[in-house]
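Okay, so here's the structure we're looking at.
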Amino acid sequence: CTVAYTKAKYHEAARAIEHFLINDLSQTYIPIIRSEMWEENEQTKIRREVIYSVLATVLEYCDLLLYPISIRSGLRTYFLSHYQ
């Protein structure tokens, strides 16, 4: 993704971000952690907090990576990223 940005190939960067969000995050990571997120067990509370923290960090970085695409598109696509 960052290589595509440095070469001004924004469509490739967008595809890389989309691939990560759909294939890696949604179809791989989320199913692995899903069952743990619904447990209200005090023993797994720390693990759930770590999982939430990881998800928050990943989504924040995705937001940062989407920002250059949203401002270069020429459209008012600020809904892609809240970094302005």
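A protection proxy built from the mean count of other Cβ atoms within 10 Å ranks the segments 54-65, 32-43, most packed first, as 54-65, 32-43. For the pair Thr6 and Lys45, a Förster radius of 41 Å applied to the C-beta separation gives a FRET efficiency near 0.50, rounded to the nearest 0.05.
Full-extension gain between Ala56 and His19, please, as 0.36 nm times their residue separation minus the C-alpha to C-alpha distance.
Taking 0.36 nm per residue and subtracting the Cα distance, the gain is 11.5 nm.
Values quoted throughout were computed directly from the atomic coordinates according to the rules given, and no laboratory measurement underlies them. Remember, predicted model here, so these are calculated numbers, not experimental data. Cβ coordinates were reconstructed from backbone atoms using ideal geometry, including for glycine residues, and neighbour counts include every protein chain displayed.
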